[in-house]
Amino acid sequence: MFMKTCVARSVSRRDQRGLSLVELMVGITVGLFVVAAAATLVANQLSDNRRLLLETQVQQDLRATMDIITRQMRRAGAVKAAHVEAGIAASPAAGGAIIPFTSMSPLSATSSETQFSFYFDEDQQGPYGFKLDGGTIKTLMPRIGLSPQWQELTDPNTVVVTALSITPRVVSSVSLPCPKLCADGTQSCWPKLIVRSYIVNIQARAKSDPAVQRALRNDVRVRNDLVEFNGPTSTSPICPA
């Protein structure tokens, strides 16, 4: 009986000896694979979240910039009531007042800079403008009692603007009728009402990740139409006498 008990105990201890070295290594390897997969998943999630934040930041900066450019360019050529009441003319000798805010650049070719003026109040009448300078869009703002100065509009620490193009586009050009024809018997000297529009394109990328890129395009309709005078000289009246 005693021998049977010892043999049973010996067999029981051999059956409960635990994991072998090979089994332990296999278990550790499987565990490492699981940890590596989990770490990769977390890293991808963090990378996607960071990229999404950068994309949102660039998109918001571009939208805010485009909104400011659009709002300002639409005002180009705006005048106060006194200018309208004084009348319009090609020159003071033509019997009226020159509208001082009609000039706007660019005139024909695409450019990375625009300048214009409009009447806001007695202290702020321009010039206003926007340009691309070293990866940053800058705005020309008048200062009360001081000369206008270019200031940063986009944040150079987060966004790099790679392109800014401003393309003028004539929507329509209609001759304003005069009582008489020109000296050559044509209507070439009659003034024209020009409806203007500018196509603005902005391209930018995140400064910390060049792969994050965004672009915006907008067609800006200038609300104040341009009256173009076509007399033979600068002192010619609006219509032929």
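Read-outs throughout are calculated quantities, based only on the coordinates presented, and are distinct from any laboratory measurement. Keep in mind that this is a model prediction, so the values were computed, not measured. Cβ placement follows ideal geometry from the backbone for every residue including glycine, while neighbour counts extend to all protein chains displayed.
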*Working from the alpha-carbon coordinates of region 48-228, get Rg over Rh, Rh being the Kirkwood radius.*
1.09
*In region 197-223, which residues have a backbone nitrogen under 12 Å from the label point lying 7 Å from residue 55's Cα in the Cα-to-Cβ direction?*
212-214
*Taking residue 180 as the anchor, which lysines have their alpha carbon closer than 30 Å to its alpha carbon, excluding any fewer than eight residues away along the same chain?*
192
_For residue 220, residues with placed amide H under 5 Å, excluding near neighbours_ = 198, 199, 200
